[in-house]
Amino acid sequence: RDGNTGGHIKRTSQVVKILVDEMRKDKELELSDEFYNALVSAAPMHDLGKIAIDDHILCKPGKFTDEELSIMRTHAEKGADIVENLLSKMEEDPFFVKLSKNVANYHHEWWNGKGYPCGLSGENIPIEARIMAVADVYDALVSRRCYKDRFSFADAYGIIESSMGIQFDPSLKKYFEACNERLKEYYLAVSH
């Protein structure tokens, strides 16, 4: 409804896939193919809660007031509720339901505990949400929005790199670095 979220969902899903492809190469990670496949499938659900946000806020072209920002931030918890209500009735795999709910609920949590909605920190944030957070912010930075121009790839890369250990899980840094060129190639291809 906001003219941006549909494209954002497609692009962030691809960023998650690119990150996951890099992570799969690391045999020291104790994450299963089931996890990686479920995460790629769950990624499109991360902003599902935005369907519960009023249009006057969701479609606002300028900066949010404090009250509007507070309402907008409820999309994470609302998304988790929607995912659980929908998937628990349709999906037979409880692992996928839990992972999808975590992606929706916790993708705005920060490594240092200053995110929302719960103020979780470090490894208390599910790994699937930590990966989603990198993809979500990367897309927000390199994509044009009604309230901002896109950042250059170099600037976006620098912002994410400097936020490792603050906003993002620092253990994801090496995977993000390793797929930087592939991310640029993807965004250059979809922007034409």
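Quick notes on this structure:
- Restricting the calculation to Cα atoms, segment 7-145 shows an Rg/Rh of 0.97 when the hydrodynamic-style radius is the Kirkwood one.
- Filtered chymotrypsin sites (Phe, Trp or Tyr not before Pro), segment 127-192: DSSP coil and at most 14 other beta carbons within 10 Å: TYR147
- Of the DSSP H helices in the chain, those with a Cα length along their own long axis of 24 Å or more and a mean Kyte-Doolittle hydropathy reaching -1.0 comprise 5-24.
- With the simple spin-label model, which puts each label point 7 Å out from Cα in the Cβ direction, the LYS27 to LYS184 separation comes to 3.1 nm.
- Largest mean-square fluctuation among PRO44, PRO126, PRO61, in a Gaussian network model of the chain whose springs join Cα atoms under 10 Å apart, belongs to PRO61.
- Loop-located trypsin sites (Lys or Arg not before Pro) in segment 1-94 (DSSP state not H, G, I, E or B) with no more than 13 neighbouring Cβ atoms inside 10 Å: ARG1, LYS25, LYS27, LYS63.
- Two-site FRET efficiency, SER152 against ASN112, from Cβ-Cβ distance with R₀ of 35 Å, rounded to 0.05: 0.85
- Portion, in percent, of the accessible area of segment 1-160 that falls on carbon or sulfur, probe 1.4 Å: 51 percent
- Overall dimensions of segment 137-184, expressed as equivalent-ellipsoid semi-axes from the Cα gyration tensor (√(5λ), whole Å, largest first), are 19, 13, 8.
- Highest GNM mean-square fluctuation among SER13, SER88, SER100, for the chain modelled with Cα contacts below 10 Å: SER88.
- Note on LYS10: lysines with a C-alpha under 22 Å away, same-chain residues under 8 apart excluded, are LYS50, LYS60, LYS78, LYS98, LYS101, LYS148, LYS184.
- What the chain shows is 52 Å² of accessible area per residue, with the surface traced by a 1.4 Å probe over protein heavy atoms.
- Highest-MSF residue in the chain out of GLY115, GLY79, GLY158 [GNM, Cα springs under 10 Å]: GLY158
- In terms of the mean number of neighbouring beta-carbon atoms within 10 Å, the peptides 159-165, 80-86 order highest first as 80-86, 159-165.
- Cα gyration tensor shape for segment 68-192, rounded if a/c is under 1.5, else prolate or oblate: prolate
- Net charge of the neighbourhood of MET23, taken over other residues with C-beta under 15 Å away and scored Lys/Arg +1, Asp/Glu -1, is -2.
The values are calculated or read from the model by the stated rules, or taken from the named source; none is laboratory data. Source: prediction; values computed, not measured. FYI the Cβ positions are ideal-geometry reconstructions off the backbone, even for glycines, and counts take in every protein chain you see. Side chains are part of the model used for accessible areas, which takes the heavy atoms of the whole protein and leaves out ligands, DNA and RNA. Shrake-Rupley method; radii C 1.70, N 1.55, O 1.52, S 1.80 Å.
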